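The values are calculated or read from the model by the stated rules, or taken from the named source; none is laboratory data. Not measured: the values here are computed from a predicted model. Cβ placement follows ideal geometry from the backbone for every residue including glycine, while neighbour counts extend to all protein chains displayed. Keep in mind that these areas ignore ligands, DNA and RNA; they rest on the heavy atoms of the full protein, side chains included. Shrake-Rupley method; radii C 1.70, N 1.55, O 1.52, S 1.80 Å.
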Amino acid sequence: MLDYECRRLGALQELNLLDTPPSESFDRITRMASQIFDLPIAAVSLTDVDRQWFKSRVGVQHQSIPRDRAPCAQVAERTEVLVVEDMAEDACYRDSHLGRSGVRFYAGAPLVTKEGFGLGALCVLGTEPRHVTEREIRALTDLAEMVMAQIELQHAYGRIEPVSGLPNRIQFYDDMTDLARDEQDANLRLAVLIDLAETAQIDNLTRVMGPGHLDACVKAAARLLRLELGQQRTIYNVSSTQFAFLAAKGSQEADALVELGDLLSHLQAATDLRFLLTPVAGIVPFTPTGIEPAELLQALNSAAQDARHSNNQASLFSLERDEKHRRHFKILQDVSEALRSDNQLALVFQPRIDLQSRKCVAVEVLLRWQHPELGNVSPSEFIPIIERSAHVRDLTLWVLNAALGQSRSWIDAGFTMPVSVNVSAANLEDHVFVEHVMAALMRHGIPPLHLELEVTESAIMKDAKAALRTLEALRDIGIKLSIDDFGTGYSSLSYLQKLPTEVVKIDQSFIRNLDGDERGQSLVQSMITLSHDLGYRVVAEGVETNPVREILTQMSCDEAQGYLFAKPLPALELETWMKAGQWRDKAAA
Ligand code: C2E
Ligand code: CA
Ligand code: CA
């Protein structure tokens, strides 16, 4: 009984009704009750720990009365209608608060939640003894149900996604908490998350077709999910384009995967969605008592992301892959801190050598991150992560500023080689990037000729139009541009020809094992020839050995970069390397 009362009170508190201001939607019902009974007093009375609190009232001054021996408390406890025709004649209520204040007649109908908890009563009171008819009791009961409908409606508001009409994340959290409480045994359940589309896809869709189209997609998906999963299963719209639900009790992972495969194909086949969305699903086995709802949702997201990145339709949550995600997430989370701190990020510089003169003609600027917990994180790991976030703008500007600051001291010390900074796709799409570059050049007093920018083919192709505009503006300032990782993308040289770039850097994967690889050599030879025909200077990346350098020299490759000449070095070491006469072919000497 005590346990029931705790849960009853819990249900009442969850509704957030107590001590809220009066509202017309409740007052209207209370007035109707008073009119139907032709009685001066009526109230919506909620049974709290030790008081009856009136959400709505006519004919009473107080906001609450003590719960002790209040008839409404009995209505709430028993969830039954109570009629006291004459309190003065009633042993139980004669000396109660109401009895003593002159009330003679009482009728109350219970306010009962769907789960069966009695919250309180809708009651009418009179100062004269009175009889009631069947019809009056039916009317009072109907009105009590209207009060409950109103309560549930208000509660649902803020728990329903307006577009899909489905319960939202808050409701998901609540229901999972309830599930943990109800399912005391540690039964394994399967939770499923359906993710309609990649964030970038959604952004594009919204940009091109307007937000209405996305809403229509979400609506269509919600309708289809309801239809396929049936009335029995609750589907939650946990974020604008994500749906979560629990697989039927006792379902096995393998069955769930098959079932989901069908569901996803239907989702995609549903007209309108086909070409616009690529739905994937994540599945997480869990015991309701063993996981917090928020953690469950996080695991679901992680599994769905796995599915997306592995080109599977559905993916089962894996702890190991989750570790990767956590690391990924940490890197993303900590980058702003790294940008603010003065000892986490540092630059190293790798010389580019002219193959004829053997002189250093430029240095590539490469970023290093000493993470306080993860240690040294390689840029091949953190750059792609940050490139997918908004931090990439700040990161590139950080590198640019630090590189130009270094360039300033080198120019002052008599080293005049240009520095070459790597730029990301997002920078090219950023219409103020060019201004930022100009500002940085001015801040450090560096002529544009001393700066090169490297862009990968894939970065250019991401939004070719915007990229072209930015590149042209940069070229117009007098900055030299190079195409990085050449050969790894899909673009054709004839397209690249349209770009205002001067340098092509052939990707290391073509260069590293050139020695003894005839097909590779003819490929690189044709890359060099073609590039020259189109007016490019050619740099080979990843030159590690003398034989490769010799092959490249014979092929008339202009420049080379790689461990053979120098690893990426901190500024001071690079100066020492420069002063020591740069690179000398030790074998030849
Ligand atoms: P990348 O632009 O192609 O830079 C060349 C990478 O090859 C560097 O790796 C360099 O250390 C490595 N490398 C140079 N010579 C050799 C060699 O002879 N053999 C081998 N095996 N490797 C060589 P790193 O420094 O780890 O950078 C990896 C990638 O991270 C870079 O590739 C670049 O795409 C990106 N990155 C580094 N710093 C920045 C930055 O400041 N901004 C941006 N957007 N990307 C950066
Ligand atoms: Ca580069
Ligand atoms: Ca490269």
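Points worth noting:
- Qualifying residue in the stretch 182-195 (condition: touching an Asp or Glu at 6+ places or on another chain (Cβ under 9 Å) and of a type outside the set (A, V, I, L, M)): yes
- Among the candidates 335, 392, residue that is within 10 Å of ligand 1 (Cβ to nearest atom), over 21 Å from residue 444 (Cβ atoms), under 32 Å from the mean Cα position of the chain (by Cα) and not acidic (Asp, Glu): 392
- Test result for residue 416, more than 16 Å from ligand 2 (Cβ to nearest atom) and outside the structural domain of residue 200 (by TED's automatic domain parsing): yes
- Residues considered: 160, 194. Of these, the only one that is under 30 Å from residue 281 (Cβ atoms) and open to solvent by less than 10 Å² (accessible area, probe 1.4 Å) is 194.
- Qualifying position, being surrounded by fewer than 17 Cβ atoms within 10 Å (Cβ to Cβ) and either at positive phi or of a type outside the set (Ser, Thr, Tyr) (or both), among 356, 313: 356
- Restricted to the stretch 162-275, the set of helices (runs of 4 or more DSSP H) holding at least 2 residues that are out of contact with any helix residue (DSSP H, G or I) (no Cβ under 9 Å at 6 or more places or on another chain) and among the charged types (D, E, K, R) comprises 199-209, 211-229, 253-269.
- Failed criterion for residue 456 (all others in (1) over 15 Å from residue 557 (Cβ atoms); (2) in contact with a helix residue (DSSP H, G or I) (Cβ under 6 Å, 6 or more places away or on another chain); (3) free of Cβ contacts under 8 Å to residues at least 40 places away in the same chain hold): (2)
- The condition of being within 16 Å of ligand 3 (Cβ to nearest atom), at pLDDT below 95 and open to solvent by less than 10 Å² (accessible area, probe 1.4 Å) does not hold for residue 491.
- Filter result for residue 94 (more than 50 Å from the chain's Cα centre (by Cα) and assigned by TED's automatic domain parsing to the domain that holds residue 129): yes
- Tabulated pairs, the stretch 56-70, first touching a residue at least 12 places away in the same chain (Cβ under 8 Å), second part of a loop (DSSP other than H, G, I, E, B) and β-branched (Val, Ile, Thr), C-beta under 9 angstrom, 6+ apart or interchain: 67/49
One line per residue, one yes/no per condition, for (1) modelled with pLDDT of 85 or more; (2) touching a strand residue (DSSP E or B) at 6+ places or on another chain (Cβ under 8 Å):
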residue	(1), (2)
218	yes, yes
227	yes, no
275	no, no
285	yes, yes
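- Taking the numbered list (1) open to solvent by 10 Å² or more (accessible area, probe 1.4 Å); (2) within 16 Å of ligand 3 (Cβ to nearest atom) in turn, residue 500 passes all entries but (2).
- Test: residue in the stretch 508-518 that is open to solvent by less than 50 Å² (accessible area, probe 1.4 Å), in contact (Cβ under 8 Å) with a residue 24 or more places away in the chain and among the hydroxyl-bearing types (Ser, Thr, Tyr): no
- Qualifying residue in the stretch 543-556 (condition: within 16 Å of ligand 2 (Cβ to nearest atom), under 26 Å from residue 410 (Cβ atoms) and either touching a strand residue (DSSP E or B) at 6+ places or on another chain (Cβ under 9 Å) or aliphatic (A, V, I, L, M) (or both)): yes
- Any hit, the stretch 489-503, residues being within 15 Å of ligand 1 (Cβ to nearest atom), closer than 22 Å to residue 353 by Cβ and aliphatic (A, V, I, L, M): yes
- Strands (runs of 3 or more DSSP E) wholly inside the stretch 360-434 containing at least 1 residues that are open to solvent by 10 Å² or more (accessible area, probe 1.4 Å) and more than 16 Å from ligand 3 (Cβ to nearest atom): 360-371, 375-377
- The number of residues in the stretch 541-574 that are open to solvent by 10 Å² or more (accessible area, probe 1.4 Å), away from ligand 1 (no atom under 12 Å from the Cβ) and touching a helix residue (DSSP H, G or I) at 6+ places or on another chain (Cβ under 8 Å) comes to 4.
- Tally of residues being over 17 Å from residue 172 (Cα atoms) and crowded, with 21+ Cβ neighbours inside 10 Å across the stretch 232-255: 0
- Which listed residue is more than 16 Å from ligand 2 (Cβ to nearest atom) and more than 30 Å from the chain's Cα centre (by Cα), from 504, 437, 432: 437
- Of the residues 367, 347, the single one that is within 16 Å of ligand 2 (Cβ to nearest atom), over 29 Å from the mean Cα position of the chain (by Cα) and of a type outside the set (Gly, Ala, Ser) is 347.
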